[in-house]
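Only one structure is covered here, and it is reproduced in the block below.
The values are calculated or read from the model by the stated rules, or taken from the named source; none is laboratory data. Here the structure is a predicted model, which means the values were calculated and not measured. Counting neighbours? That spans all protein chains shown, and the Cβs are built from the backbone with ideal geometry, glycine included.
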Amino acid sequence: MLTNSVDQTLRRRADRVVPGSMWGHLHAGKLPPGFPQFYARAEGARVWDVDGRCYLDFMCAWGPNLLGYGNAEVDEAALRQQSLGDTMNGPSEAMVELAELLVETVGHADWAMFQKNGTDATTTCVTIARAATGRRKVLIGRGAYHGAAPWCSPSVVGVTAEDRTHLCYFDYNDLGSLEAAAREAGADLAAIIVSPVRQERELDQEFPTPQFANAVRAICDRTDAVLILDEVRTGLRLHLEGSWQPLGIEPDLAAWSKALANGYPLAAVTGKDHLRAAAAGIFVTGSFWCSAVPMAAGIATINIVKRERVIERLLDMGGRLRAGIAALAERHGVALRQTGPVQMPSIRFDNDPGLRKGDLFCQAALDKGVYFHPWHNMFLSASHGLAEIEEAIAAADVALAAVAERFGG
């Protein structure tokens with residue numbers, strides 16, 4: 001990237017006035033040097049950086065873009081509400097309508113309440129669980145990401161041991177460690193918070209085994225603890241009624257955000273009736289939590305997902321992308337792993353300490369106008385159609401050839 005590019009100029013300006021500049025925000029500073037950090041616009045499945053280059057985007061704004069950037073129906077609903085009012089003395093009718101829609105849609109939901117970010121939602125879930133049980137301990141996956149608040153932040157600085165005193169850790173899909181964590185919590189167990197799919201940064205994604213998911217539910221049932229499902233990344237992408245519905249398991253609480261309003265700032269907690277009083281009794285709020293525009297966008301988003309069978313489309317396109325990359329990898333003799341849901345692709349290379357292969361693959365694809373990510377799970381949107389998948393596979397062909405040439409098959 002040229003040192004006099006608009007992107008580089010903005011980075012230098014940000015260095016002077018933003019702590020950590022782009023290094024801290026979304027860990028963007030860890031991306032390969034050729035990746036842009038600043039963007040000018042987005043449409044459908046594409047983003048344009050501030051230097052005018054266009055990319056077919058497989059990060060989808062790190063998840064919020066579900067239907068396509070600038071979806072006309074969602075934006076129209078948001079603009080219509082904006083003309084009436086957004087942040088007012090209290091919520092608009094849109095809040096009630098959105099809550100009704102979530103209760104109608106989500107398998108376990110008897111009620112809903114709204115926030116702005118995924119961290120807001122997971123933290124609210126934990127607060128409700130502690131209020132309902134009168135207990136303190138929370139079981140959490142080792143290395144799992146549930147937000148940026150001190151109780152769960154991956155940061156090792158700026159937080160104290162006391163912030164996490166009441167967390168007990170287990171390993172995903174490890175029944176022994178799950179039971180050990182429950183024994184450690186003992187009679188003080190308030191909740192288990194778990195992701196529908198293991199999604200730690202720089203690791204392979206991992207589906208829950210039926211035995212693990214059932215064990216989480218069973219521990220909560222026998223101890224009267226609360227099962228919290230973190231749907232922040234997965235919500236509206238894996239299963240409309242909830243990601244563990246195909247396993248026959250319902251959480252007591254779920255945290256939602258990212259795709260909920262197709263990019264408008266919105267998060268939600270859904271819960272069962274036995275937690276209604278606790279949810280009503282806690283104090284959680286934010287100056288913009290009642291904003292009506294994102295709620296109108298959320299209503300439109302969920303209705304489109306239902307009407308247009310968006311999840312089925314994501315499964316189809318994601319499956320085609322995964323099969324195409326697998327065939328290319330075999331042809332080029334490059335060993336890689338594609339893990340997790342096809343709607344949320346993850347590509348990692350065997351024998352790749354320091355992600356040198358992953359960085360090269362993503363940089364070479366970026367040079368062909370396709371934005372893959374070297375260490376975070378990616379996302380598909382409903383704007384990724386057959387033409388876009390074919391374009392991505394063609395870029396992956398060039399990128400895998402570069403990996404094979406440098407590192408061997």
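Among the residues of segment 235-257, those that are under 14 Å from V305 (Cβ atoms) and either modelled with pLDDT under 95 or of a type in the set (D, E, K, R) (or both) comprise R237, E241. Of the candidates A185, A99, the single residue that is within 23 Å of A277 (Cα to Cα), aliphatic (A, V, I, L, M) and out of contact with any helix residue (DSSP H, G or I) (no Cβ under 8 Å at 6 or more places or on another chain) is A99.
Considering segment 80-119, and only residues there that are free of Cβ contacts under 8 Å to residues at least 12 places away in the same chain and either of a type in the set (V, I, T) or in a loop (DSSP other than H, G, I, E, B) (or both), the residue that is surrounded by the fewest Cβ atoms within 10 Å (Cβ to Cβ) turns out to be N89. Look at M317 and say whether it is in the same structural domain as G44 (by TED's automatic domain parsing), over 20 Å from A225 (Cα atoms), within 20 Å of the chain's Cα centre (by Cα) and not basic (K, R). So M317 fits the description; yes. In segment 146-160, the condition of being polar (S, T, N, Q) and either in contact (Cβ under 8 Å) with a residue 12 or more places away in the chain or in a helix (DSSP H, G or I) (or both) is met by no residue. Only one entry in A40, A28, A61 is touching a residue at least 24 places away in the same chain (Cβ under 8 Å) and either under 26 Å from D359 (Cβ atoms) or surrounded by 13 or more Cβ atoms within 10 Å (Cβ to Cβ) (or both), namely A61.
Filter segment 361-389 for residues that are in a helix (DSSP H, G or I) and in contact (Cβ under 8 Å) with a residue 60 or more places away in the chain; which is surrounded by the most Cβ atoms within 10 Å (Cβ to Cβ)? Here the residue is C362. Put simply, of R135, R183 the only residue that is surrounded by 15 or more Cβ atoms within 10 Å (Cβ to Cβ) and either more than 26 Å from R337 (Cα to Cα) or modelled with pLDDT of 95 or more (or both) is R135.
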